[in-house]
1. Could you work out the local net charge near Cys32, counting Lys and Arg as +1, Asp and Glu as -1, over the other residues with Cβ closer than 11 Å to its Cβ?
2. How high is the FRET efficiency between Val244 and Ala83 when r is their beta carbon distance and R₀ equals 45 Å, given to the nearest 0.05?
3. What is the order of Thr134, Thr209, fewest Cβ neighbours within 10 Å to most?
4. Work out, step by step, the length gained on full extension between Glu199 and Glu56: first 0.36 nm times the residue separation, then minus their alpha carbon distance; give nm to one decimal.
5. Taking neighbour Cβ counts within 10 Å as the exposure measure, how do Met103, Met161, Met1, Met27 sort from fewest upward?
6. Starting from 0.36 nm per residue, how many nanometres of slack lie between Asp153 and Arg217 once their C-alpha separation is accounted for?
7. Please identify the longest segment of the chain free of exposed GluC sites (Glu not before Pro), where exposed means a DSSP state other than H, G, I, E or B and no more than 15 other Cβ atoms within 10 Å.
8. Using r as the Cβ-Cβ distance of His11 and Met252, and R0 as 41 Å, what FRET efficiency do you calculate, to the nearest 0.05?
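Throughout, read-outs are computed from the coordinates displayed, never taken from laboratory work. Quick caveat: nothing in here was measured; it's all calculated off a predicted structure. As a convention, Cβ positions derive from the backbone with ideal geometry for all residues, glycine included, and neighbour counts pool all protein chains shown.
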Amino acid sequence: MVRVAVIGVGHFGREHARIYSSAEDAMLVALCDIDEASARPVADRLGVALVTDFKELIGNVDAVSLAVPTAEHHRIACELLSAGIAVLVEKPICNTLEQADEMIAVAARSGAVLQVGHLERFNPAVVAAGRIATQPRFFEGHRLSVFTPRSLDIDVVMDLMIHDIDVVLSLVGREVAEIRAAGVAVITPHTDIANARIEFDNGCVANLTASRVSADRVRKLRFFQPAEYVSIDYGKQEAATISVRFAEPGVMPQFGSKLLPIVREEPLAAEIRSFLASVSGAPVIVSGSEGRRALTLALAINEEIRAHIEKNRAPATH
C-alpha cells in the first residue's frame, strides 16, 4: 500500500482525494490545506487526517498529489522530493524554467518520482490516436471554456492551452522552429483568449486556440498525416479517422471513416493509477522533463503574445 496525501483541497484536489480514497493500491492518510475550515468537511467525509502545514506529512506518507496554486509548486515539491516523497504536481509544473530545472534535479538526487499532471495524456481518445499517429503534418486545436473563478493566478495559455501543447509535443516529437501568437485579456489581468501557430523543424504546424470566456465548452484536436485525418474529442472520449485510398489515375479516391476502439475511463483515475505504479517502480509516463518541455513552449507563446500586444499598442495621444 502506498501511503498518500493530497496537498491543496480545492476543486481539483478534492477529485484527487476522491480517487485515492477508493484506490486498491493506495491508502489516503491525510489532506493538507491552509484553509482548515474549507478542507475539514472533506477530510471528515473521507475519514482522514487534516493538516495545515505540508511539512507534517514528511515521514508519514510515500507520495502526494500537489494541487496548490502554481506559484507554490516549486517550493513545496522541492522540499517533499528532497525527503524522498513522490510528487504528482498539477500542470503547469511551475512558473519558470529555473524552478523546473531545480525540481527535476532534486528528484534525480533523491530518487523520488516526479510526475506532472498533464491529464489529457491519459484521455483514452488521446491514447488511441497516439497509437496510429505516424507523421502528423498539421494540427488544429480548440479548447474553449466558460469562465470560472479557478486558476485565475495564471493566464489561459498556462491554464488551458498547455493541455494541447503537451499532447501535440508528445505526438510530433520534434523541436519547435517558429512561434506566432496573439492574445487578449478580457475579464482577468492575464490573457484570457489566445491563439498560437507553432511550426516544428520538420515542417509540421500546430494551430491552437484557447479561451476561458466562451459561451460553450469545446475540447477538440484534429491532425492530418499522409492519407489520413484524425479527430479527437477530449470530452466525449472519442477518436475517429478518415482515411484515403487512392485508386487508378483519374478515378476519385475512396474515403473511409471509423471510430477508433476505446475503453472509456476517467482520465484523472488513469493518471493517478499511472503515478502509483511509478511509485512502485514502473516508468513515469509524464516526467518532470516532459512537464518542462510543455512549460518551455507555453512561456515562449506568452512571450510572443506580449510582443504582439506591444507592437500593436496604440500610440498615446496628446
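1. Values: positive: Lys55; negative: Asp33, Asp35, Glu36, Asp53, Glu56.
Charge balance in the 11 Å sphere: -4.
2. Values: r = 55 Å, r/R0 = 1.22.
The value I calculate is 0.25.
3. Ordered from fewest to most neighbouring Cβ atoms within 10 Å, Thr134, Thr209 come out as Thr134, Thr209.
4. Numbers: separation 143, 0.36 × 143 = 51.48 nm, distance 4.62 nm.
Gain in length upon complete extension: 46.9 nm.
5. Values: Met103 25, Met161 29, Met1 11, Met27 14.
Least crowded to most crowded, the residues run Met1, Met27, Met103, Met161.
6. Numbers: separation 64, 0.36 × 64 = 23.04 nm, distance 2.08 nm.
21.0 nm is the gain from fully extending Asp153 to Arg217.
7. My reading of the result: 25-174 is the longest stretch.
8. Efficiency computed from Cβ-Cβ geometry: 0.20.
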